[in-house]
Amino acid sequence: MSNPSSTHPIQTIPLVDLKAQYAAIGPDVDAAVQRVLQNTSFIMGAEVSRFEEAFAAFCHAEFCVGVGSGTCALE
């Protein structure tokens, strides 16, 4: 691939293969999304609590708080 306005070729660098990741964990992701949609627990529901606990354990942290955006995390 090249850029017509430049003499330097454009190189594509693959960063994340989401298709391969989804193939590996797709059923788990789909099931979690369905649980949230069925329970309409988008904010502060059981799924959020389970995620916070699991992510805290993964990070070897005592606590984890899920927020809506990076800006909220900084506030």
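The values are calculated or read from the model by the stated rules, or taken from the named source; none is laboratory data. Everything quoted here is computed from the prediction, not taken from an experiment. All Cβ positions, even for glycine, are placed from backbone atoms using ideal geometry, and neighbour counts span all protein chains on display.
Any residue at all in segment 53-67 that is under 15 Å from the mean Cα position of the chain (by Cα), at pLDDT below 95, in a helix (DSSP H, G or I) and among the hydrophobic types (A, V, I, L, M, F, W, C)? Within segment 53-67, not a single residue is under 15 Å from the mean Cα position of the chain (by Cα), at pLDDT below 95, in a helix (DSSP H, G or I) and among the hydrophobic types (A, V, I, L, M, F, W, C).
If you go through segment 16-75 and pick out every residue that is of a type in the set (Val, Ile, Thr) and in contact with an Asp or Glu (Cβ under 6 Å, 6 or more places away or on another chain), you end up with 1.
Remark: pairs (first residue in segment 24-39, closer than 16 Å to residue 51 by Cα; second residue polar (S, T, N, Q); Cβ separation under 9 Å; 6+ apart in sequence or on different chains) = 35/41. Based on what the data block shows, is residue 17 modelled with pLDDT of 95 or more and charged (D, E, K, R)? Against the criterion (modelled with pLDDT of 95 or more and charged (D, E, K, R)), residue 17 does not qualify.
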